[in-house]
Amino acid sequence: LAEQRLINETPDMDYVWNCKAKSTRPVGEIVDYHISTGQDDGYAYNENLQNNDGAFLKVGYSSFTQPPYYASGTIFRNVDIPQGAEIISTYLKIRAYDSRLTDVVYGTIQAEAADDAAEFGGTRSIGSLAKTSTSVDWDIYEPWSADTWYTSPDIAVVIQEVIDRGGWSEGNSLAVIYNTRKNEGGYRNISSFDRGSDYAPVLEITYIP
């Protein structure tokens, strides 16, 4: 316990019990989720046009694209988190496809607002998916080095919104979308599942059931 506080030479028991409660509070379970197939990641050029088969994904701005510019989508299956669980932290981990600096990436991360995400393709375009109301910005200023892993800011609030959906069930799939939010800047290339399963993005979730 931390050093006891005294009130008139008597231990402050409320303080003591608060310290005990903090020391025994669950720290949560940490689980890594991986992409399963090449159809579970891809990137969009615009609301209708996307690529699911390349060795890399893209995020950021390019003058050759239309809104939402480059947006990368990643689906994580069999997420064994019960509906309403408390999400402590979540990080999207991505591996650079190549070394690149084409100006700043002004990015934001959301999830698909769905109970159980289906694979991309056909009418399921990454650029036009319904997205969570919560988002977390992830701007990239530094140049990337090839094959280096990069970790997003904590996106727990985004994942919590999906887990709290009335139709969410343990074992469902969720889609994370790393999008561009400004009509300026540059882009980065992210390794995809099609490059090799060990290169694909990873979602690390810490939660309390």
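The values are calculated or read from the model by the stated rules, or taken from the named source; none is laboratory data. Note that the coordinates shown come from a computational prediction; the quantities given were computed from them, not determined experimentally. We place every Cβ from the backbone using ideal geometry, glycine too, and count neighbours over all the protein chains shown. Surface accessibility is based on the protein's heavy atoms, side chains included, excluding ligands, DNA and RNA. Shrake-Rupley method; radii C 1.70, N 1.55, O 1.52, S 1.80 Å.
Structure summary
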{"read-out": "Formal net charge of residues neighbouring Asp164 (Cβ-Cβ distance under 14 Å; K, R +1; D, E -1)", "value": "-3"}
{"read-out": "Packing-based ranking, highest mean first, of 172-180, 31-39 given that Cβ atoms within 10 Å are counted", "value": "172-180, 31-39"}
{"read-out": "Net charge, Asp147 excluded, C-beta distance under 11 Å - Lys, Arg +1, Asp, Glu -1", "value": "0"}
{"read-out": "Semi-axis lengths, Å, segment 100-188, gyration tensor of Cα atoms, sqrt of 5 times eigenvalues", "value": "26, 14, 13"}
{"read-out": "222 nm mean residue ellipticity, helices alone, for the chain (DSSP H n ≥ 4; -39,500 (n - 2.57); rounded to 500)", "value": "-3000 deg cm²/dmol"}
{"read-out": "Estimated FRET transfer efficiency when R0 is 22 angstrom, pair Asn46-Thr123 (beta carbons, to 0.05)", "value": "0.90"}
{"read-out": "Percentage relative contact order, segment 99-209, counting C-alpha pairs under 8 Å, at least six apart", "value": "41"}
{"read-out": "Potential lengthening between Arg181 and Asp198 on full extension [0.36 nm per residue; Cα-Cα distance subtracted]", "value": "3.2 nm"}
{"read-out": "Dipole of the chain [Lys/Arg +1, Asp/Glu -1 at C-beta], most positive-end residue of Tyr106, Ser152, Phe193", "value": "Tyr106"}
{"read-out": "Accessible area in square angstrom per residue, segment 131-209, 1.4 angstrom probe", "value": "40"}
{"read-out": "Distribution of pairwise C-alpha distances over segment 55-209, 10 Å bins, in %", "value": "12, 42, 36, 11, 1"}
{"read-out": "Accessible surface of the chain, 1.4 Å probe, proportion on carbon and sulfur as whole %", "value": "46"}
{"read-out": "Whole-number percent relative contact order across segment 29-183, with pairs defined as alpha carbons under 8 Å at least 6 apart", "value": "35"}
{"read-out": "Cut-off 10 Å between beta-carbons: net charge of the residues surrounding Pro209, Lys and Arg +1, Asp and Glu -1", "value": "-4"}
